[in-house]
Amino acid sequence: MQPIRLKEIFCVFDFNKESQLALAYASTLALHSAAHLHIIYMTEQFAAFAGFMLAGVPTYHNIFFDCINDQWYSDVIQDAIKRVIPPNISPVLHLSGTRVQNIVDVLGEAQADLCIIGIRSKTEWWKRLFSFPVTQSIMKVAPCPVVIINS
């Protein structure tokens, strides 16, 4: 059996503390394996929540939607990069939106060797009920192995 050679390591980043933990793991692995680090960052799209907004359902997206823009995303990801990634690693950034297929397309186009995703432990039944299984979907169709980092 030949040793695994990692050349392209991807981390899915959605601006929460769990994805920052995954980013720390991904950057360490990239550093020790001399691989390129890629960050796929997800942003919320207006269309995904338009129905909730029109229905008047209170969500944190309604409250903060006007404040979140491209500059905000850029500032947050640059801050995470400075805090988590060693200075000798220069990650490649990929914007994906929220669709699983967009993430999978990026993984396939770049010939990813590994994808690392941070997830939250959801113990309350109501959180599991309303959570979208993005991680599960990526795991099922990703063209590379997926590592899950649980908080």
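The values are calculated or read from the model by the stated rules, or taken from the named source; none is laboratory data. Source: prediction; values computed, not measured. Quick reminder, even Gly has a Cβ in these numbers, built from the backbone with ideal geometry, and neighbours come from all protein chains shown.
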Inset, instruction - Would you check if there is a residue in region 106-116 being modelled with pLDDT under 85 and exposed (fewer than 13 other Cβ atoms within 10 Å of the Cβ)? - result: no
Inset, instruction - For residue 92, indicate whether it is surrounded by 16 or more Cβ atoms within 10 Å (Cβ to Cβ), at pLDDT 85 or above and within 26 Å of residue 150 (Cα to Cα). - result: no
Inset, instruction - Quick one: in region 11-33, of everything that is under 14 Å from residue 134 (Cβ atoms) and assigned to a helix (DSSP H, G or I), which residue is modelled with the highest pLDDT? - result: 22
Legend entry - Test for residue 150: is it more than 16 Å from residue 21 (Cα to Cα), at pLDDT 80 or above and of a type in the set (S, T, N, Q): no
Inset, instruction - Filter region 117-126 down to residues that are closer than 16 Å to residue 16 by Cα and either in a helix (DSSP H, G or I) or at pLDDT below 65 (or both), then give me how many there are. - result: 1
